[in-house]
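Enquirer: Below is one structure. I have some questions about it.
The values are calculated or read from the model by the stated rules, or taken from the named source; none is laboratory data. Because the structure is predicted, anything quoted here is derived from the model rather than measured. FYI the Cβ positions are ideal-geometry reconstructions off the backbone, even for glycines, and counts take in every protein chain you see. Remember, those area values only see protein heavy atoms, side chains included, never the ligands or the DNA or RNA. Shrake-Rupley method; radii C 1.70, N 1.55, O 1.52, S 1.80 Å.
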Amino acid sequence: MKAVMLGVVAGFVGGLFGVGGGIIVVPALVLFFHIAQYEASATSVAVIVASSAAALASFAGDGAVDWNAAALIFIGAGSGAALGTRYMQSIPERFLTRTIAVVMIVAAIRLAT
Amino acid sequence: MEVLWLVILGLVAGAVGATLGVGGGLFIVPALVVFFSLDQHVAQGTSLAVILPTAVIGTVGHARRGRVKWSMALPIAGGGLLGALLGSRLALALSGDTLRMLFAVLLTILAIRMFARSLRPPPSKTPSDI
């Protein structure tokens, strides 16, 4: 089934890089499965539960998880998400997107050197 | 001090993730490597440890509002489980240096994609006159 294949690809990327995989699932759901954006986002989050759990199990098995750091980041992320949704609406999306893109390039350079 | 900075990292990642829908993991991993001197593997594993509970909470919220298409979510998640096991095993087999380079490539590709998308004219919010 195409859906399963999508999952394998997204899960693979997520597991390989330690990220969610939503960057693959959401556009694919919208473009190829013709699902509404908000439904695609919600469905993607549900998928990420499964794939991140599996990937985490692998990393944890190798001792490659800093649980204390994760807990602290998680605490911040909860408030961050709430604050972000409330206050970041006023920032023009294009500015945000471009700033983030620049940050990502800088991060890539820092990682590569 | 470091405790505070980790919470702040979470704040930023959470805010950006919630607003733009760009995954928090994409910021958490490089930040942990660059600013907290974590090993690339540990940074990725730690990121996953943040992503999982965040995703669980998010799913509960979305599910309550009936937004999740379970008919799609379940098969994709099934594939996701398998894919994640394969991907993570590969990541753990690769050297930290190689993985870090690959991550840098991923960031670059996504950044270019984001920038390209931002160049497209936004959909007009008001109907053009007649």
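Enquirer: Would you say B:F35 is free of Cβ contacts under 8 Å to residues at least 60 places away in the same chain, of a type in the set (F, W, Y), open to solvent by less than 60 Å² (accessible area, probe 1.4 Å) and more than 7 Å from chain A (Cβ to nearest Cβ)?
Expert: no
Enquirer: Residues that are charged (D, E, K, R): find the helices (runs of 4 or more DSSP H) completely inside the range B:1-72 holding 1 or more of those. I'd like the intermediate steps shown before the answer.
Expert: Details: elements: B:2-20, B:25-36, B:40-64.
Correct list: B:2-20, B:40-64.
Enquirer: Search the range A:1-43 for residues being in a loop (DSSP other than H, G, I, E, B) and either open to solvent by 10 Å² or more (accessible area, probe 1.4 Å) or aliphatic (A, V, I, L, M) (or both), and hand back the single one that is nearest to B:V60 (Cα to Cα).
Expert: Here the residue is A:G20.
Enquirer: Mind listing just one residue for me: the one in the range A:54-65 that is part of a helix (DSSP H, G or I) and facing chain B (nearest Cβ under 7 Å) and, of those, surrounded by the fewest Cβ atoms within 10 Å (Cβ to Cβ)?
Expert: By that ranking, first place goes to A:A60.
Enquirer: Which is closer than 20 Å to B:V60 by Cβ and of a type in the set (A, V, I, L, M), of A:A46, A:A101?
Expert: A:A46
Enquirer: Hey, can you tell me all the residues within the range A:66-75 that are part of a helix (DSSP H, G or I) and either more than 7 Å from chain B (Cβ to nearest Cβ) or surrounded by 13 or more Cβ atoms within 10 Å (Cβ to Cβ) (or both)?
Expert: If the condition is that a residue be part of a helix (DSSP H, G or I) and either more than 7 Å from chain B (Cβ to nearest Cβ) or surrounded by 13 or more Cβ atoms within 10 Å (Cβ to Cβ) (or both), then A:N68, A:A69, A:A70, A:A71, A:L72, A:I73, A:F74, A:I75 are the ones that fit.
Enquirer: Oh, and also: Output the residues belonging to the range A:1-18 that are at the interface with chain B (Cβ under 7 Å from one of its Cβ atoms) and either over 13 Å from the mean Cα position of the chain (by Cα) or not small (G, A, S) (or both). Steps first, answer last, please.
Expert: If we filter the range A:1-18 for residues that are at the interface with chain B (Cβ under 7 Å from one of its Cβ atoms), which is where we start, we get A:1, A:3-18.
Result: A:M1, A:A3, A:V4, A:M5, A:L6, A:G7, A:V8, A:V9, A:F12, A:V13, A:L16, A:F17.
Enquirer: Look at the range B:57-98 and say how many of its residues are open to solvent by 60 Å² or more (accessible area, probe 1.4 Å), within 7 Å of chain A (Cβ to nearest Cβ) and under 23 Å from A:A77 (Cα atoms).
Expert: 1
Enquirer: Looking at the range A:79-92, can you tell me whether even one residue there is more than 16 Å from B:V12 (Cβ to Cβ), open to solvent by 20 Å² or more (accessible area, probe 1.4 Å) and of a type in the set (S, T, Y)?
Expert: Keep residues of the range A:79-92 that are more than 16 Å from B:V12 (Cβ to Cβ), which gives A:89-90, A:92.
This time we only want the ones that are open to solvent by 20 Å² or more (accessible area, probe 1.4 Å), so: A:89-90, A:92.
Next cut, of a type in the set (S, T, Y) only: A:90.
Yes - at least one qualifying residue is present in the range A:79-92.
Enquirer: So, one more: Any idea which of A:G21, A:G78 is at positive phi and either in contact (Cβ under 8 Å) with a residue 12 or more places away in the chain or within 7 Å of another protein chain (Cβ to nearest Cβ) (or both)?
Expert: Details: A:G78 fails: at positive phi.
Unique residue meeting the criteria: A:G21.
Enquirer: Can you spot a residue in the range A:83-104 that is among the charged types (D, E, K, R), at the interface with another protein chain (Cβ under 7 Å from one of its Cβ atoms) and closer than 29 Å to B:L86 by Cα? Quick ask: steps written out before the conclusion?
Expert: Residues of the range A:83-104 that are among the charged types (D, E, K, R), as a first pass: A:86, A:93-94, A:98.
Then keep just the ones that are at the interface with another protein chain (Cβ under 7 Å from one of its Cβ atoms); that gives A:94, A:98.
Among the residues that remain, those that are also closer than 29 Å to B:L86 by Cα are: none.
No: zero hits.
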